[in-house]
1. From the list 440, 455, which residue is under 18 Å from residue 409 (Cβ atoms), modelled with pLDDT under 95, not hydroxyl-bearing (Ser, Thr, Tyr) and not assigned by TED's automatic domain parsing to the domain that holds residue 339?
2. Of a type in the set (A, V, I, L, M, F, W, C), at pLDDT 95 or above and assigned by TED's automatic domain parsing to the domain that holds residue 276: does that describe residue 156?
3. Could you check segment 230-286 for strands (runs of 3 or more DSSP E) lying wholly inside it with 2 or more residues that are under 17 Å from residue 306 (Cα atoms) and touching a residue at least 24 places away in the same chain (Cβ under 8 Å)?
4. Can you name the strands (runs of 3 or more DSSP E) wholly within segment 84-186 that have at least 3 residues being under 30 Å from residue 257 (Cα atoms)?
5. Give segment 333-367 a look and list any residue that's within 28 Å of residue 382 (Cβ to Cβ), outside any helix (DSSP H, G or I) and either free of Cβ contacts under 8 Å to residues at least 12 places away in the same chain or among the aliphatic types (A, V, I, L, M) (or both), or say none.
6. With respect to the numbered conditions (1) in the same structural domain as residue 319 (by TED's automatic domain parsing); (2) among the small types (Gly, Ala, Ser); (3) under 26 Å from residue 257 (Cβ atoms); (4) exposed (fewer than 14 other Cβ atoms within 10 Å of the Cβ), which one is the sole condition not fulfilled by residue 49?
Amino acid sequence: MSITEDILSQLPGDAIANLRRSDRMLTSLREDTAPIPTVVKENNQLLDSVEWDVIVCGGTLGILIGCALAVQGLKVGLIERGILRGREQEWNISRTELEVFLELNLLTNAELEQAIATKYNPARVSFQGGTEVWVEDVLNIGVDPVYLLATLKTKFLAAGGELWENTPLSEAVVHPNGVMVNNQLKTRLLIDAMGHFSAIAQQARQGQKPDALCLVVGSCASGFPENNTGDLLLSFTSLHNQCQYFWEAFPARDGRTTYLFTYMDAHPQRLGLEALFDEYLRLLPEYQGVELSNLKFQRALFGFFPTYRQSPLKTPWNRILPVGDSSGSQSPLSFGGFGAMVRHLKRLTFGIQEALQTDQLSPTALALLQPYQPSLAVTWLFQKAMSVGVDQNIPPEQINQLLSVVFQEMQKLGTSVLKPFLQDIVQFKALTQTLLKTALANPGLIAKIIPQVGLINLLDWVVHYINLGVYTALFWLSTMLETLVKYLPNQQQYYWHRLVDAWKYGSGSDYLDG
């Protein structure tokens, strides 16, 4: 019996079987053997009536947008394939990002404080052979998902929302004036919040293979030495299995959470989740300075996250909008999920409300709610620089050396440069300063990266980098024109507001310093 089998077999919930089920899903994705769902159909006949403004599919994060829309006065229903309940493991986020729950009247101050399960400071960024970089107030808040989702569920129902649990999506038929969901619910707009493996997203992508994957394994355990600091991005090994291993660690209510994650392409010969869990348990004692025998494991954590260059996802249907991970509108460096949903919650809430008010529900109009964002697109090159091809030959320390140099230069430039990047927000000025200082200080190292990432990828990145600067300028200009917009017809206002949102978020101008 392997150490992974031994430890996971002791945990509740049949963790080893779930891990192997996830591995089979990963294999089918890599080998292009996963079936393409056909849950969405089209019908040219008008529905006789439409009872709902919005139906949200997928409750774990869908309750965030569902509750926000219900509080705004829309008639909202939510279907969830299981029971709508948060997981035991905390969601880490920065404190200022949580203010949106107050702004949208989703939580009171007291409820927000109760939702915060853990706090810690500072957090570390470190790479083998380099200096440690420490930051304050970045992903240092652990939110209790059980309490948060239960509170939002109560608010949603009180605002007139209706919830159908144990109700998976079986069919969505798009009519000219609405969508028939599961042959019984008729809605003006269907929101897909079912995540990376949404049947709607899979059907829209038509078997497209992901351009990259992030594999994550980890656990929450007690028995670690006392430590109230965290790790945001840490590496202490060179390349193994054609992978650069990265680590995260956070204090948790019932111990300490540690993750091992790595970036890779979707080649069938790549490492699987169970093999990566073996590596995690092999290296965890060295990482945290503790013997496995001293730890009491509470939960095992594992998953894989596909990312696509063709993102955000553009669906071909009227009246269907993917949000969160379903839309692919997260950076290829991040896992999306809670943090990405929270960051865009206010923008999506008012954008969806305006789309319904002006009847802008075509694929083109709805696509503007999930716009191209150069601030995310530029991170594709960073992801390439943090991974290596399955047959590629590079010096085993190259990725560590590059990241160490880059973060040292960002540290010299100050927290205004460092903190946004660690919160997955790239800004033109900060990026330009970092690139110039890194290139001037280490021209030889930068030259080595070009063959690793590829010239075509580099040229593609240059386009997104230029667009990042253009979006920054356009957002600055748009603030001066805002007073004139109120004189436009409502439909034109909708399109203008979507452009401004795209420029704002696409340039990282939405960043709020914690």
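The values are calculated or read from the model by the stated rules, or taken from the named source; none is laboratory data. Here the structure is a predicted model, which means the values were calculated and not measured. Here the Cβ positions follow ideal geometry from the backbone for every residue, glycine too, while neighbour counts run over all protein chains shown.
1. On the way: 455 fails: under 18 Å from residue 409 (Cβ atoms).
Selected residue: 440, the only one of 440, 455 that is under 18 Å from residue 409 (Cβ atoms), modelled with pLDDT under 95, not hydroxyl-bearing (Ser, Thr, Tyr) and not assigned by TED's automatic domain parsing to the domain that holds residue 339.
2. Details: of a type in the set (A, V, I, L, M, F, W, C): yes; at pLDDT 95 or above: yes; assigned by TED's automatic domain parsing to the domain that holds residue 276: no.
So residue 156 does not fit the description; no.
3. Passing ranges, in order: 255-264.
4. Working: elements: 91-93, 116-119, 123-127, 133-135, 141-143, 162-164, 172-175, 178-181.
Fully inside segment 84-186 and qualifying: 91-93, 116-119, 123-127, 133-135, 141-143.
5. Within segment 333-367, 333 is the sole residue that qualifies.
6. Condition not satisfied by residue 49: (3).
Here's the yes/no breakdown for (1) modelled with pLDDT under 95; (2) buried (at least 17 other Cβ atoms within 10 Å of the Cβ):
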site	(1), (2)
463	no, no
468	no, yes
473	no, no
477	yes, no
483	yes, no
490	yes, no
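Let's see how each residue does on (1) in contact with a Gly (Cβ under 7 Å, 6 or more places away or on another chain); (2) part of a strand (DSSP E or B); (3) of a type outside the set (D, E, K, R):
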| residue | (1), (2), (3) |
| --- | --- |
| 19 | no, no, yes |
| 36 | yes, no, yes |
| 50 | yes, no, yes |
| 54 | no, yes, yes |
